[in-house]
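What follows is a short report on a single structure.
The values are calculated or read from the model by the stated rules, or taken from the named source; none is laboratory data. Being a predicted model, the structure only gives us computed values, none of them experimental. Because the Cβ atoms are built from the backbone with ideal geometry, glycine has one as well, and the counts that use them run over all protein chains shown.
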Amino acid sequence: MLEIIFEDEFIIVCKKPPGIPTQTPKSGVTDMVSLLKNYRVSKGEPHYVGLVHRLDQPVEGVMVFAKDKKSAAALSAQMQAHTFEKYYYAMVEGTFSPACGTLENYLLRDGKSNVSSVVPKDTTGAKRAELSYETVKTMEDRSLVRIQLKTGRHHQIRVQLAHAGHPIIGDKKYGRNTPGYLPLGLCSYHIGFIHPVTKKKVVYEITPSGAVFQQVSYE
């Protein structure tokens, strides 16, 4: 279940499978943080795992975790400064026009329902959300788009794409409530950041493995 992409004494880069939470307070539920803590302990290392960023439970993707507090602080600072690169592939309904562009909205999160909505700018508690998109491939009824996050809001990509009229395939929360099950067509395939100790730019990528991404070339 745990797929390590890169590891040194300061960071662990790994792939989060779809369906596994990044972190959860629920007892008895496997999450990425607990998996990595157990992994470190099994190697005789301290169990500390610094959480730097999150992915929604149904989303697969590449993630970085810190192995000490100083590295966690350095990576978190990059997140706050919006210099941490995050690119996603999304399989969406329909075809974007124009084929590339920017989406900017204001989102409001409902903590009780765990749902975010697009609201007017002056709504109390609303937060600005921005992403850029580029159509990679168009098929009969769907499109593969590349997403770059400019901000990191709750369910941001899912909410903004649905609001734009192109919900993500398999997204029952923000898209069509179609019968049967389709895995969410969203993958965080690229992260880039400055290594907290070497200070060198590093980039890590994965190829989406979800069913909705099959038969698509990513070259």
Residues of the range 53-88 satisfying the condition of being in a strand (DSSP E or B) and hydrophobic (A, V, I, L, M, F, W, C)
VAL62, MET63, VAL64, PHE65, ALA66
Exactly one condition in (1) out of contact with any His (no Cβ under 7 Å at 6 or more places or on another chain); (2) surrounded by 17 or more Cβ atoms within 10 Å (Cβ to Cβ); (3) modelled with pLDDT under 95 is not met by LYS67; state its number.
(3)
Taking the range 126-142 and the residues there that are of a type outside the set (A, V, I, L, M, F, W, C) and modelled with pLDDT under 95, the one that is surrounded by the fewest Cβ atoms within 10 Å (Cβ to Cβ) would be GLU140
Of all residues in the range 131-177 being of a type in the set (A, V, I, L, M, F, W, C) and in a loop (DSSP other than H, G, I, E, B), the one that is farthest from HIS82 (Cα to Cα)
MET139
Residue by residue through the range 70-99, note down the ones that are farther than 20 Å from LEU184 by Cβ, surrounded by fewer than 19 Cβ atoms within 10 Å (Cβ to Cβ) and either among the small types (Gly, Ala, Ser) or within 20 Å of the chain's Cα centre (by Cα) (or both).
ALA73, SER76, ALA77, GLN78, MET79, GLN80, ALA81, HIS82, THR83, GLU85, SER97, ALA99
Would you call THR102 of a type in the set (Val, Ile, Thr), in a loop (DSSP other than H, G, I, E, B) and modelled with pLDDT of 95 or more?
no
Could you say whether any residue in the range 98-105 is over 30 Å from ARG142 (Cβ atoms) and acidic (Asp, Glu)?
no
Suppose we keep only residues that are within 27 Å of VAL212 (Cβ to Cβ) and surrounded by fewer than 17 Cβ atoms within 10 Å (Cβ to Cβ) within the range 111-120. Which one would you say is farthest from the chain's Cα centre (by Cα)?
SER113
Which of the following residues is without any contact (Cβ under 8 Å) to a residue 12 or more places away in the chain and either of a type outside the set (Phe, Trp, Tyr) or closer than 22 Å to VAL203 by Cα (or both): SER143, SER97?
SER97
Here the residues within the range 29-51 that are of a type in the set (Val, Ile, Thr), within 19 Å of the chain's Cα centre (by Cα) and modelled with pLDDT of 95 or more are VAL33, VAL49
